[in-house]
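Q: After the structure tokens below, expect a handful of questions from me.
The values are calculated or read from the model by the stated rules, or taken from the named source; none is laboratory data. This structure is a prediction, so every number in the text was calculated from the model and none was measured. Heads up, the Cβs are rebuilt from the backbone with ideal geometry, glycines too, and the neighbour counts pull from every protein chain shown.
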Amino acid sequence: MKKARYMAPILDIKELSKTFRIHRLERNIPACKDVSIRLDHGQFVGITGKSGSGKSTILKLVYRTYHPQTGSAVYDSKAFGPLNLLQADERRMIHLRRYEIGYVSQFLNVVPRTSALQIVETSALETGTAPEDAREKAEDMLRHFELDPELWDNYPQTFSGGEKLRLNIAKAMVKAPRLLLLDEPTASLDNHSKKKVAEVLMRLKEAGTTILGIFHDLDFMEGLCDLEYNIEAGKFTA
Ligand SMILES: Nc1ncnc2c1ncn2[C@@H]1O[C@H](COP(=O)(O)OP(=O)(O)O)[C@@H](O)[C@H]1O
Ligand SMILES: [Mg+2]
């Protein structure tokens, strides 16, 4: 009899809960409760649920933008082996954010006086792309997302919302991270730009990237995701 080879999941979120304390109101706001999501290597899982149900909180806990409360999120890292992201030290988190885990939201954190092209190029360099290739990779990404070449050398502070968003996505995708966290990255994009995002996501998935994403547009998500986790139901629903 052939023995099935057990492969550890790349990310195993178990019983994750988070409550915010609003001191001003002396109230506790539960943000997410007992969330368990298992992602196998190369899988694309979408999180669904009503607004305010805690979807973004899950990603922020995994990326450690928020401090954890209870539960665990064991990530099978390339650099350090399996480790609980909720407890990993800051030095390791910095390494993982730089080399292994990408995060894209609707918002762009812009570095002052850095051009759009420099932002994407720096992102490619950070993951170890050779300097002679980084520029070309960055240009390819910006071209793919159809950011007007006139804008490449501009600072993105003055970009429109859609331009910022496309730049933000290009910046994260150029790294081809092992694990990609997406928080409604397509929220304010038109259909054509959404298609561009879908194309790159498919490419990344084929190259082995595991994706945990939240999408505003369920139709968009259904064409891409392998599984759907509904936060209110507390389980995979499709
Ligand atoms: N930093 C924060 N401080 C206080 N409350 C927060 C914070 N972040 C999220 N929340 C609250 O937690 C709940 C879940 O928020 P969120 O994860 O953003 O939901 P979703 O992404 O599903 O819309 C909401 O009630 C929200 O107000
Ligand atoms: Mg959200």
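Q: Scan segment 81-114 for residues that are hydroxyl-bearing (Ser, Thr, Tyr) and buried (at least 16 other Cβ atoms within 10 Å of the Cβ) and jot them down.
A: Tyr99, Tyr103, Ser105
Q: Quickly run through segment 185-200 and pick out the residues that are surrounded by 15 or more Cβ atoms within 10 Å (Cβ to Cβ) and away from ligand 2 (no atom under 14 Å from the Cβ).
A: Leu189, Ser193, Lys194, Lys196, Val197, Ala198, Val200, listed by residue number.
Q: Where residues in segment 51-65 are more than 7 Å from ligand 1 (Cβ to nearest atom) and assigned to a loop (DSSP other than H, G, I, E, B), which of them is surrounded by the fewest Cβ atoms within 10 Å (Cβ to Cβ)?
A: Applying the filter and picking the extreme gives Thr65.
Q: Identify, from the list Gly102, Gly71, the residue that is part of a strand (DSSP E or B), closer than 24 Å to Val174 by Cβ and small (Gly, Ala, Ser).
A: Testing whether each residue is part of a strand (DSSP E or B), closer than 24 Å to Val174 by Cβ and small (Gly, Ala, Ser) leaves just Gly102.
Q: Related question: Check segment 88-98 and report whether any residue there is more than 23 Å from Lys205 (Cα to Cα) and within 16 Å of ligand 2 (Cβ to nearest atom).
A: The answer is no, given that none of the residues of segment 88-98 is more than 23 Å from Lys205 (Cα to Cα) and within 16 Å of ligand 2 (Cβ to nearest atom).
Q: Further question on the same structure: Sort out which residues of segment 149-177 are modelled with pLDDT of 95 or more and either charged (D, E, K, R) or closer than 24 Å to Val62 by Cβ (or both), and write them in order of number.
A: If the condition is that a residue be modelled with pLDDT of 95 or more and either charged (D, E, K, R) or closer than 24 Å to Val62 by Cβ (or both), then Glu150, Asp153 are the ones that fit.
Q: Test Pro177 against the stated conditions and say whether it is outside any helix (DSSP H, G or I) and either more than 17 Å from Gly102 (Cα to Cα) or within 16 Å of ligand 1 (Cβ to nearest atom) (or both). Step through it out loud before you land on a result.
A: On the way: outside any helix (DSSP H, G or I): yes; either more than 17 Å from Gly102 (Cα to Cα) or within 16 Å of ligand 1 (Cβ to nearest atom) (or both): no.
Here the answer is no, as Pro177 does not meet what is asked.
Q: Pairs only if they're at least six apart or on different chains, beta carbon under 7 angstrom, first in segment 177-191 and farther than 22 Å from Ala207 by Cβ, second within 16 Å of ligand 1 (Cβ to nearest atom) and of a type in the set (Phe, Trp, Tyr); list them, first residue then second.
A: Note: pairs meeting the criteria are Glu184/Phe215.
Q: Inside segment 36-50, can you point out the residues that are assigned to a strand (DSSP E or B) and either of a type in the set (S, T, N, Q) or within 14 Å of ligand 2 (Cβ to nearest atom) (or both)?
A: Ser36, Gly46, Ile47, Thr48
Q: Please identify the pairs in which a residue from segment 56-82 that is touching a residue at least 12 places away in the same chain (Cβ under 8 Å) has its Cβ atom under 7 Å from the Cβ atom of a residue that is within 16 Å of ligand 2 (Cβ to nearest atom) and of a type in the set (Lys, Arg), counting only partners at least 6 apart or on another chain.
A: Thr57/Lys18; Leu61/Lys18; Tyr66/Lys18; Tyr66/Lys60; Gln69/Lys18
Q: Further, regarding this structure: Among the residues of segment 149-162, which ones are in a helix (DSSP H, G or I) and either among the β-branched types (Val, Ile, Thr) or loosely packed, with under 15 Cβ neighbours inside 10 Å (or both)?
A: First, pick out the residues of segment 149-162 that are in a helix (DSSP H, G or I): 149-151, 156-158, 161-162.
If the condition is that a residue be in a helix (DSSP H, G or I) and either among the β-branched types (Val, Ile, Thr) or loosely packed, with under 15 Cβ neighbours inside 10 Å (or both), then Pro149, Glu150, Gln157, Thr158, Gly161, Gly162 are the ones that fit.
Q: Next question, about the same structure. From the list Leu165, Leu204, Leu212, Leu182, exactly one residue is in a helix (DSSP H, G or I), within 16 Å of ligand 2 (Cβ to nearest atom), crowded, with 17+ Cβ neighbours inside 10 Å and of a type in the set (A, V, I, L, M, F, W, C). Which is it?
A: After ruling out the rest, the residue left standing is Leu165.
Q: Taking the residues in segment 132-144 that are within 25 Å of Gly213 (Cα to Cα) and surrounded by fewer than 23 Cβ atoms within 10 Å (Cβ to Cβ) as candidates, determine which candidate is modelled with the lowest pLDDT.
A: Kept after step one, since they are within 25 Å of Gly213 (Cα to Cα), are these residues of segment 132-144: 137-138, 140-144.
Subsequent filtering for residues that are surrounded by fewer than 23 Cβ atoms within 10 Å (Cβ to Cβ) retains 137, 140, 143-144.
On the way: Lys137: 95, Asp140: 95, Arg143: 95, His144: 91.
So, considering only residues that are within 25 Å of Gly213 (Cα to Cα) and surrounded by fewer than 23 Cβ atoms within 10 Å (Cβ to Cβ), the one modelled with the lowest pLDDT is His144.
Q: So the check is Cβ under 9 Å with 6+ separation or different chains; which pairs have a first residue in segment 31-51 that's under 16 Å from Glu15 (Cβ atoms) and a second one that's surrounded by fewer than 16 Cβ atoms within 10 Å (Cβ to Cβ) and among the small types (Gly, Ala, Ser)?
A: As it stands, the answer is Ala31/Gly52; Lys33/Gly234; Asp34/Gly234; Val35/Gly234; Ser36/Gly234, since those pairs meet every condition given.
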